Amino acid sequence: MAIAQPDQIARSMQQRTTEELLDIWTCNDRGQWSDSVFNAISQALSERGVSIPPQSIFVPPPPRYKGVRGWLLFFCVSLTVLAPLRIMGEYGAAGTDIWSIRGISIDGLFSFVFACFSIYVGVCLWRVRPGAVKKATVFLWCVAALNVVVVLLTHMAGLKPSANGKVIEEAIIRSGAGAIALAWLAYLGSSKRVKATYCM
């Protein structure tokens, strides 16, 4: 396999955002990135006028905890495949237009946006991108918050009494989705594999 030359590494780092460069720099994962990469990052940050923060002490993690496997792999699969299918499936099966503006379903719009966001976050985690865990955390908080808002708005919609059963069923589903999001948030914050894989 060809070894990247310093000028190639420098160009590659220049194409990354400042946030990504700072994540790589502060993480200081010498097992994933070479000294040439850190030299290129230091140069790129200096050229952008960004003060270079201190680096964490690199401690090689136990091999059994590093890598996208186990529950972390299941989480990635859920984000990239299962969650988008469930989100779009729920919208397609709902058949209601309680919240719409000029014929555009608000629920449908949010469903599409969240499905795309879910796939994006899952790919970032799967490919161990800088800032992937932060993106996943934002996504999960958004999921939890959205489900709470939907439950509240549904109760405030003034539906007919005959629709009460549907409202209760929807509230249970949304509450469950919010609870699952909170559970994954707890996993991301406590998992040894997540900390080792993403150098947290």
Complete set of residues in segment 134-150 that are out of contact with any Gly (no Cβ under 9 Å at 6 or more places or on another chain), closer than 19 Å to residue 22 by Cα and of a type outside the set (Lys, Arg): 138
The listed residue being in contact (Cβ under 8 Å) with a residue 12 or more places away in the chain, surrounded by 11 or more Cβ atoms within 10 Å (Cβ to Cβ) and in contact with an Asp or Glu (Cβ under 7 Å, 6 or more places away or on another chain), out of 58, 38: 58
I'm checking my understanding of the structure. Among residues of segment 4-23 that are of a type in the set (S, T, N, Q) and at pLDDT 85 or above, which one is surrounded by the fewest Cβ atoms within 10 Å (Cβ to Cβ)? 15
Collect the residues in segment 147-169 that are buried (at least 17 other Cβ atoms within 10 Å of the Cβ) and at pLDDT 70 or above, keeping them in residue-number order. 147, 150, 151
Inspect all residues belonging to segment 48-66 and state whether any of them is closer than 26 Å to residue 193 by Cβ and modelled with pLDDT of 90 or more. no
Taking the stated definitions as given, is residue 109 among the hydrophobic types (A, V, I, L, M, F, W, C) and at pLDDT 90 or above? no
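The values are calculated or read from the model by the stated rules, or taken from the named source; none is laboratory data. Everything quoted here is computed from the prediction, not taken from an experiment. FYI the Cβ positions are ideal-geometry reconstructions off the backbone, even for glycines, and counts take in every protein chain you see.
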